[in-house]
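The values are calculated or read from the model by the stated rules, or taken from the named source; none is laboratory data. In this text the structure is predicted, and so the values were computed from the model without any measurement. Here the Cβ positions follow ideal geometry from the backbone for every residue, glycine too, while neighbour counts run over all protein chains shown.
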Amino acid sequence: MRSVLLSCFDGAVLAGVLTSLILAHAAPGTAAGQARCKPQVASALHYTRGPTSAKEVGLTLYPRQDVELRVAEKLTVTGAGAHCLTGWIAGFLAFDGGGTFKMRPDLTLISRDRDRTPFAVHSAVRGPFFYGAASTSATRLSPSPFNPHHLGIWPAPTGSSIALFSLPIEKGSAPQVLARSAFRLRGLSYFPAPDGPAGTLAMIRDLSPERVEVIISGIVDRRPVVPRQSVADADRRR
């Protein structure tokens, strides 16, 4: 599973992967009372990264034979403006107010043009209503637009639900809960592995305006893929 977790994303790989990257990034941190985000906020924040477990980050997993989610590590961002973090994928971070960065192994940041990062190509997917609520964020578990398998997060009374669903949505179907979080999650991203039905999943949660965590997990989806019309085609036919 550790081989699934991609910690770097160099320019040579970028050109070939951007065309297939699917990302559902977090909504900007604009809650009332939070400071306005500025482009230079990223360099003033403190970053720590290390191994963790589902229990430590408040996740309850519902094991399945066909889909495996394994929490591996977390990136903690602290300081004034931590809430400005809007996305993490494959070692890149994006911030509200401007700024996209590559994180070095020593956790220092290098500014990058957004057009040369995974954030340049992303597709926000709309999940179905679940327990009367719209999905906070959702992503396809494959770079193919014809793969029906998706994953989303929904608000719950005491945290968030992480559930599997398929698109196009079939009548009478409902998302299947893969995990529940004791904390409210606001962002979800997926990065596919170069081979096999696996990838890296990142979920963002706010512990306070000055403390944000990115939960990084490996996910393997062993379900068979029955090609359907693409989501774009489905939307056009509605």
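Checking the conditions here, which among G159, G87 is of a type outside the set (D, E, K, R), surrounded by 15 or more Cβ atoms within 10 Å (Cβ to Cβ) and over 20 Å from P192 (Cβ atoms)? None of the other options fit; the residue is G159. Here the strands (runs of 3 or more DSSP E) wholly within the stretch 37-102 that include at least 1 residues being in contact (Cβ under 8 Å) with a residue 60 or more places away in the chain and touching an Asp or Glu at 6+ places or on another chain (Cβ under 8 Å) are 67-78, 85-89. Scanning the stretch 186-225 for residues that are over 29 Å from A80 (Cβ atoms) and of a type in the set (D, E) yields a count of 2. Within the bounds of the stretch 104-122, is there any residue that is part of a loop (DSSP other than H, G, I, E, B), of a type in the set (S, T, Y) and at pLDDT 90 or above? Yes: the stretch 104-122 contains one or more residues that are part of a loop (DSSP other than H, G, I, E, B), of a type in the set (S, T, Y) and at pLDDT 90 or above.
The set of residues from the stretch 61-76 being surrounded by fewer than 17 Cβ atoms within 10 Å (Cβ to Cβ) and within 16 Å of T200 (Cα to Cα) comprises just one member, R70.
Just checking: which of the strands (runs of 3 or more DSSP E) contained wholly in the stretch 124-233 hold 3 or more residues that are aliphatic (A, V, I, L, M) and either modelled with pLDDT of 85 or more or touching a Cys at 6+ places or on another chain (Cβ under 7 Å) (or both)?
In the stretch 124-233, 149-156, 159-166, 176-181, 198-208, 211-221 are the strands (runs of 3 or more DSSP E) which contain 3 or more residues that are aliphatic (A, V, I, L, M) and either modelled with pLDDT of 85 or more or touching a Cys at 6+ places or on another chain (Cβ under 7 Å) (or both).
Pick from D115, D106, D195: which is loosely packed, with under 14 Cβ neighbours inside 10 Å, among the charged types (D, E, K, R) and under 22 Å from S217 (Cβ atoms)?
On the way: D115 fails: under 22 Å from S217 (Cβ atoms); D106 fails: under 22 Å from S217 (Cβ atoms).
Sole residue among the options that is loosely packed, with under 14 Cβ neighbours inside 10 Å, among the charged types (D, E, K, R) and under 22 Å from S217 (Cβ atoms): D195.
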